[in-house]
Each structure stands twice: as C-alpha cells, then as structure tokens.
Amino acid sequence: MNHHRVPPGRVLPIVAAVCATLAGLCALPAQASSHREAPFITTQPKVDATDLYMFASYEPGREGYVTLIANYLPLQAPYGGPNYFTLDQNAMYEIHIDNNGDAKEDITFQFRFKNKLNNVTLAIGGKNVAIPLIQAGTVTDVKSPSLNVSESYTVDVMRGDRRSGVRASVTNAAGGSATFDKPVDNIGTKTIPDYAGYAAKHIYNVNIPGCAMPGKLFVGQRKDPFAVNLGTIFDLVNAPVSVITDPALINAVPNTIDDANVTTLAMEVHKSCLTAGSDPVIGAWTTASLRQGSLLNPSPKSGYQTTAVVGGAWTQVSRLGMPLVNEVVIGLPDKDKFNSSKPRNDAQFADYVTNPTLPALIEIALALPNTAPKNIPRTDLVTTFLTGIKGVNQPATVTPSEMLRLNTNTPATPDGQQARLGLAGGDSAGFPNGRRPKDDIVDISLVAVMGGLCMLNGDANGLGLGADCKPANVPLGATSLKLHDAVDQAVVPLLPAFPYLYTPLPGAK
C-alpha cells in the first residue's frame, strides 16, 4: 500500500486549509529534540539520549532504505577540551525495532565502545613523558598516529529479546572486520584542517547478519540538529502570546543551542531487513544501559578511565522513542522510571497521555484560562503517541506503547520538498510517520497538545482520533494551529545524504 499522500477524502482538504491559515509555514524546514529530561540522567550525560530519527532515506539512489539515527551526549561545547566527548565504554547503546506491533523488540542494534590510550610521549631531558592532550599533531586519516586516545566500536544485531536472543556481528563490507573506528571530535581546524573529509572516511558500507542488502554505518560527532527557544520555553513560555501565535514571527529569536554538538549513532538498513511478513509498519526506540554496580577505586592505576570498576547486570537508564515525551509529558516523579521502562509496560504511564498536564501549564504560563482542549481522555494524543494513526503508521495489530512508528511503504519526500509540519503540512512521509531531521517537532508538539490535531480531525472524525476530538472542543480554535516557539529552524544546516546531520562545529576556527 502506498501512503505517500494521505487519501484525499480524509485529510488533504483540511491540511490545505491549515496550510493557508499558517500563511506559508508549511514550506519551511525545522527540527527539534530532547535533553536532560530526567533527574538521574542529568548525572550521566554520556548515556543521555537526545534524539531518535527514523525515516525513509531521501538521498537519491537510496530508495527502499530506512535511516536510523540515535543522538547521545547533549549540549557539547565545541571547545570542551582537553578530553572532549568520548562515549562510555562501560555502557551499551541500543536501537530497538518492533516489527509486529507487540511492544517488544524483535531486532536490536547494540553499540559497544572501546577508548584506547595510545601512550604518546615526548622525550624531555632524556625521559619519555606522557603528554596531557588527546592529540600530538595534525589528524587527517583513520588511525592517525597523532591521536593519544583512539575510539573504536562494535555493532551486534540481536534477534528476539535484547539480552537472550540470537547475536551476530555487523561487519565491514571491505575486509570483514567487526570493529569500526570512530572519528575524534572536531578539536579545531589546526588539528583537523578538513573535518568533513576526515569524518567521511568513517562512513562504512556494512554487511548486516540476516539481511541480503548491504547497509551503511557512521558513529561520530555532529552539529546538534535541535533548534528551539529552549530557555524561554522552560521559563514558563516567557514570550508574548502575540509572538508565538503569529506565523510571520517564526524567526523572532535565534536558536538557543546553535553552538552545540552531539554524538550520532547512524545506520542505514534496507526496509526488507526491518519488517516482518506483510506489515510495512515498524516501531523504534533507543536505550542506553550501564552495569548495575560501580566501585570507585581511591587509588586508581595509571591508564584511561580507571577510577571506577563496574560489574553486574545491564541496567537501562535512558529511553527515547517519540520526541519530548519524557521531557514534557511524563510527570516528574516518574521520569526516571520511564527511562528504565520497556514499551510493553507503558500502561502504567497512560494517565500522562490521556489526562496531560502540559495544556494546563500553558494556560498558567500564558495567563490564558480555559484554553486547554476539552476532549478528555485525549484520544488524539493516545493515537499519535501510543498506537499510530490508522492508514498512516499504525501496525496491523498494535499494543499501545510509546515508540516512533514508520510505514516503510511510504516513499521519501525529496529533501527540498519536505513540509516542516510533516503530516499536518500535507507530507505523509513526515512526523508522526517516523521522524526526519527537518520535521519541526517543537511546533508540531505545541500544535498537538493544544488541540490542533482535533481541528484537523474535524467533526467527522476524519483522522480516526475519536469523536470528541473535534473543533468544538478546542477553545483556541484555529489559533492552536499557529503555535510556534519563535525560532527559525529552517537555518539549521543538514547534509543531503547519509548520515544527514551536519559537520560538527570546531573547537577553534
């Protein structure tokens, strides 16, 4: 079934009206993210998931492929030396795929890292003395001898349960190695004169066990694609209502974290290797786990990262599927619990979706009483976040659970034609049908939580979001479709091809 364009009798007439109301907003690209969303994870930034993307690859010639991107370690200052931002070799980073709608992983890609100290020394007064930096000269190639710390990683495919399933290794199509090199972070232009070229040498063509089609793999630092008016949003939406409801003022303020980098785990996998049977819909979420125990050595030995001795079972501490859920939907007492939970147990969090507090908080923040949508329980949010939309990205059989869902039969929309509001902008290849780097998640989420989906659903339940999800139950009316965070997200740079996210900012120019 081809879902590239939503059936005309259901959504497109409403979407066309919305686009007219938004005065051209539907043509602008943007993106969003999630950072430091739970109390415990603020103490463990190396395993803090910031974004998950899953979309039909739109690089020309890569039709039929799905790109999976998980970003970790938020708010990296480019100048953050001398150690910069290695990932945790005592952690396990995972991307999970559910391909039968039962809220359990069927395929898991497991990333493990090794950070090696190369013991670079300089002869000083007849003695070889270890240098204090991670580099001793210019870096231009893989395995540069100038690097004092080198990072490598492995990727395993688990089929079935993430811990007890069948394991096999992803291998380099050139030579068959199961170990891959990760580029050092963008220290600066003197150390790495051509970072884009250097990083490109770390994009691998790979063989994926159980998959007849080769894939692609990249792990490394990227410019954070998150664009948001971050401080203003969390300061009780400290912006005039006249600004955040005027589409002409979408570029009223700069992107708060335009100067930050992030670490990306990216894979491109053919859709035939991700789906099961005749159902084209898959769900995805990313997690990070640490060993259950950690013992600090008061007298660590010489080496690299030797202070802690870890052991015990793997313990999940980070989880991310749909964007912004743990950040602005889950209540504060349950944020750590959510990060440690599995989708199949999401019924315990249902009240946060059916009876959300964010609309009431927005009422308080903007001094606009009685503007929260009246359709309680919020079946529109249940459909969007927990089941997928029927005929768009809902599995044939589905267990309600929070994850990002993609209909792999929906062809990619070319780069220059993508609507920043995704499905609401008339582009069925965009959020919530998967998530692309250009999908404006902040604005879409503001529109959704204040009833914009019910405006689209209309009086005839056109999107199947529930009979009470209708314009009469949206006090903001058409204004709900105009909400935005006043950041021009169109200016965030991206690449037109895998791994899509842009070259990271250098520590020094």
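Structure values in brief
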{"quantity": "MRE, 222 nm, helices only [DSSP H, n ≥ 4, -39500 (n - 2.57), over the chain, to nearest 500]", "calculated": "-3000 deg cm²/dmol"}
{"quantity": "Where 279, 380, 235 fall by accessible area, highest first, once all protein chains stay in place (1.4 Å)", "calculated": "235, 279, 380"}
{"quantity": "Kirkwood Rh, angstrom, the chain [1 / mean 1/r, Cα pairs]", "calculated": "23.5 Å"}
{"quantity": "Solvent-accessible surface ranking, highest first, for 503, 256 at 1.4 angstrom", "calculated": "256, 503"}
{"quantity": "Heavy-atom accessible surface of segment 168-316: percent carbon and sulfur, 1.4 Å", "calculated": "56 percent"}
{"quantity": "Dimensionless Rg/Rh of segment 132-253 - Kirkwood Rh, Rg from C-alpha atoms", "calculated": "1.16"}
{"quantity": "28 Å Cα-Cα reach of residue 390 towards lysines, excluding residues that sit fewer than 8 places from it in its own chain", "calculated": "104, 271, 342, 374, 438, 470, 482"}
{"quantity": "Carbon/sulfur fraction of accessible area - segment 97-144, other protein chains in place, 1.4 Å, %", "calculated": "53 percent"}
{"quantity": "Solvent exposure ordering (accessible area, 1.4 Å, most first) of 246, 51", "calculated": "246, 51"}
{"quantity": "1.4 Å probe accessible area per residue over the chain, in Å²", "calculated": "39 Å²"}
{"quantity": "In Hz, Karplus ³J(HN,Hα) per residue of segment 451-457 (6.51, -1.76, 1.60; θ = phi - 60°; x = Gly, Pro)", "calculated": "x, x, 5, 6, 5, 5, 5"}
{"quantity": "Cβ-defined net charge surrounding residue 145, 14 Å radius [Lys, Arg +1; Asp, Glu -1]", "calculated": "0"}
{"quantity": "Residue 113 - accessible surface, heavy atoms, 1.4 Å probe, Å² rounded to 10", "calculated": "10 Å²"}
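The values are calculated or read from the model by the stated rules, or taken from the named source; none is laboratory data. Since we're looking at a predicted model, the values are computed, not measured. Neighbour counts run over all protein chains shown; Cβ positions are idealised from the backbone, glycine included. Please note that ligands, DNA and RNA were not included when accessible areas were found on the heavy atoms of the full protein model with its side chains. Shrake-Rupley method; radii C 1.70, N 1.55, O 1.52, S 1.80 Å.
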